[in-house]
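Engineer: Let me begin by handing over the structure; questions about it come next.
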Number of protein chains: 2
Amino acid sequence: MADPALFSVLVEVRLREGIADPQGATIERALPALGLTGVTGVRAGKSFRFDIAAADDADALAQATVVADRLLANPVIEESSVTVHPAGGSA
Amino acid sequence: MADPALFSVLVEVRLREGIADPQGATIERALPALGLTGVTGVRAGKSFRFDIAAADDADALAQATVVADRLLANPVIEESSVTVHPAGGSA
């Protein structure tokens, strides 16, 4: 196995379609008071960034997906997307 | 002015560097129990997706930046990044 390298991970966790999003609805109702009337469909979610030591891209993605599915997202109501870059790049 | 088109916006809100992140620290402490020991530097943030009606890309980005800076992020402790795509594409 190669020496592990460091990868930057971005996980975005979103509520699944059809799941009520009161935080997003509240934001949407607040926008006209700022003079913004063209905003629709606001959905609030979570984002997580971390570094992961892995042998290669595929290993980093596999480990990050475990983190996302088992710790960061509730798969009953949320879905997650995972992006992996070599550390030092931008995600 | 051209007819407004619909743009998909993704706003990521992160705590600024140096601001304590107890949620991220808690996640990091929980990971060894899942058998993941190579994860470091966990930072928790928020993500928001919405659609915005705007004349063009630049207008959509300008409006979305107002939403991010005035409503979604607390600029004292948070920074935000805004990504705009024509609606129908993937962000």
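The values are calculated or read from the model by the stated rules, or taken from the named source; none is laboratory data. Note that the structure is a prediction, hence the values are computed from the model and not measured. Cβ atoms come from the backbone with ideal geometry, glycine included; neighbour counts cover every protein chain shown. Accessible surface areas use protein heavy atoms only, side chains included; no ligands, DNA or RNA. Shrake-Rupley method; radii C 1.70, N 1.55, O 1.52, S 1.80 Å.
Engineer: I'd like the full set of residues that are surrounded by 22 or more Cβ atoms within 10 Å (Cβ to Cβ) and over 13 Å from the mean Cα position of the chain (by Cα), limited to the stretch B:55-69.
Structural biologist: Scanning the stretch B:55-69 gives B:ALA60, B:GLN63.
Engineer: Looking at the stretch B:18-38, I want the residues that are at the interface with chain A (Cβ under 7 Å from one of its Cβ atoms) and have a partner that is among the small types (Gly, Ala, Ser) with Cβ atoms under 8 Å, at least 6 apart or on another chain. Which pairs are those?
Structural biologist: The qualifying pairs are B:ILE27/B:ALA44; B:GLY38/A:ALA53; B:GLY38/A:ALA54.
Engineer: Here are some conditions: (1) open to solvent by 20 Å² or more (accessible area, probe 1.4 Å); (2) within 9 Å of chain B (Cβ to nearest Cβ). A:ILE77 meets all but one. Which one does it not meet?
Structural biologist: Going through the list (1) open to solvent by 20 Å² or more (accessible area, probe 1.4 Å); (2) within 9 Å of chain B (Cβ to nearest Cβ), A:ILE77 breaks only (2).
Engineer: With a cut-off of at least 3 residues that are within 22 Å of B:VAL9 (Cβ to Cβ) and among the polar types (S, T, N, Q), name the strands (runs of 3 or more DSSP E) lying wholly within the stretch A:1-87. Don't jump to the end; show me each part of the working.
Structural biologist: Values: elements: A:5-15, A:39-54, A:78-86.
So the answer is A:78-86.
Engineer: When A:PRO4 is evaluated against the numbered criteria (1) without any contact (Cβ under 8 Å) to a residue 24 or more places away in the chain; (2) open to solvent by 40 Å² or more (accessible area, probe 1.4 Å), which criterion, by number, is the only one it fails?
Structural biologist: (1)
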